[in-house]
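**Student:** Below is a structure I'd like to ask you about.
The values are calculated or read from the model by the stated rules, or taken from the named source; none is laboratory data. Keep in mind that this is a model prediction, so the values were computed, not measured. With ideal geometry, Cβ positions are generated from the backbone for all residues, glycine too; neighbour counts draw on all protein chains shown.
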Amino acid sequence: MTHAKKPQNDNFLRALLREPVDRTPLWLMRQAGRYLPEYNETRRRAGNFLALCKNPGYACEVTLQPLARYDLDAAILFSDILTVPDAMGLGLYFADGEGPKFERPLREEWAIRDLTAPDPYDHLRYVLDAVAEIRRALNNSVPLIGFSGSPFTLACYMVEGGGSDDFRRVKTMLYDRPDLLHHILKVNAEAVTNYLNAQIESGAQAVQIFDTWGGALSHAAYREFSLEYMQRVISGLKKTHDGERIPCIVFTKGGGQWLEAIVATGCDAVGLDWTTDIGDARRRVGDKVALQGNFDPMALFASPAAVAAEATRILDSYGAGTGHVFNLGHGINQHTPPENVSVLVETVHGYKNK
């Protein structure tokens, strides 16, 4: 599939590659979601969240909704990180008010040994069809971001059977039977690499690895069980497609202390949560990577003046020059006032580097 034309607004891709931009680009993690009334209406028509994810037409519709409302610099594929373990046969479902669950979590050694990486063109075709449909609908206006969960973050859900407050099961396995966890992670790394490459081939122009739970690990365990496998993914990713560079972003929530180690994976950009000062992070990484972040999503509940002041503080902290993609430090909260997102977008785009 060929999409060789560059987007009319390519500031996001340029910033990721630390090339000059005419304004600081921004997109928001979970920018298509429950804070938007139009999203809730589409989800109601789809029937439920999984039906929304698995229908390329609906996935395209909700991907484009925030771009119709806000002047954002990138679209991100509407999907869920748990599509990969679902494609491995774990039986994903969403319990009302409880979030994602798996019917067949990885508890038995035989089930772990039997785990294999799915063929994305077979078991995740609906995602790839959505990517292609979104690219056509965007018509080269802004770039499209593809994504996956990190091998470790996926393993947390696969072993716990859903979300967790303490990751007791997966951490018990990590300390008691590291061989089993390493096997899961090895399969996950292969699955994520294949999945992201298939998204790139279908039209994604940048990819992000969401390591949501990497920050829950000890210092030594992070390097062995999360970083090592993200590095495997990055080394296996297509770096170019249709003659264009495909930048890769790594986001470990709570990962600020490992910034230099994350940079060493070979990624093009590192996502930061709000606990890391972006100016300090820029001094630490020098010119090795771009930085993405790192507005506290809860600040969007404050007054418009406070939203603008906090955004300006982050932009001032980063300083002049390129290499900053403005974003939240985690996904947007479902109760966020949509009008405050307008204030954020206008503040970032109106900011003049001193």
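**Student:** Is at least one residue of segment 206-226 in a helix (DSSP H, G or I) and polar (S, T, N, Q)?
**Tutor:** So far as segment 206-226 goes, yes, one or more of its residues are in a helix (DSSP H, G or I) and polar (S, T, N, Q).
**Student:** Another question about this same structure. Of the residues 152, 167, which single one is over 24 Å from residue 40 (Cα atoms), touching a residue at least 12 places away in the same chain (Cβ under 8 Å) and touching a Cys at 6+ places or on another chain (Cβ under 8 Å)?
**Tutor:** 167
**Student:** With at pLDDT 95 or above, among the basic types (Lys, Arg) and not in a loop (DSSP other than H, G, I, E, B) as the only criterion, which of 45, 30 stands out?
**Tutor:** 45
**Student:** Take residues that are closer than 30 Å to residue 232 by Cβ and in contact with a helix residue (DSSP H, G or I) (Cβ under 7 Å, 6 or more places away or on another chain) and tell me which of the helices (runs of 4 or more DSSP H) falling wholly in segment 259-354 contain 2 or more.
**Tutor:** 259-263, 278-285
**Student:** Here is a further query. Of 269, 302, 290, which residue is touching an Asp or Glu at 6+ places or on another chain (Cβ under 9 Å) and in contact (Cβ under 8 Å) with a residue 60 or more places away in the chain?
**Tutor:** Criteria check complete, one pass: 290.
**Student:** While we're here: Right, residue 90: within 27 Å of residue 190 (Cβ to Cβ) and not acidic (Asp, Glu) or not?
**Tutor:** So residue 90 fits the description; yes.
**Student:** Residues that are modelled with pLDDT of 95 or more, of a type in the set (A, V, I, L, M, F, W, C) and either surrounded by fewer than 21 Cβ atoms within 10 Å (Cβ to Cβ) or assigned to a loop (DSSP other than H, G, I, E, B) (or both): does segment 96-105 have at least one?
**Tutor:** The answer is no; no qualifying residue exists.
**Student:** For residues that are surrounded by 14 or more Cβ atoms within 10 Å (Cβ to Cβ) and of a type in the set (Gly, Ala, Ser), scanning just segment 320-354, find the one that is farthest from residue 210 (Cα to Cα).
**Tutor:** Residue satisfying both the conditions and the ranking: 342.
**Student:** Can I ask one more? Does segment 57-95 hold any residues that are assigned to a helix (DSSP H, G or I), of a type in the set (Ser, Thr, Tyr) and either surrounded by 22 or more Cβ atoms within 10 Å (Cβ to Cβ) or in contact (Cβ under 8 Å) with a residue 24 or more places away in the chain (or both), and which are they?
**Tutor:** 63, 83
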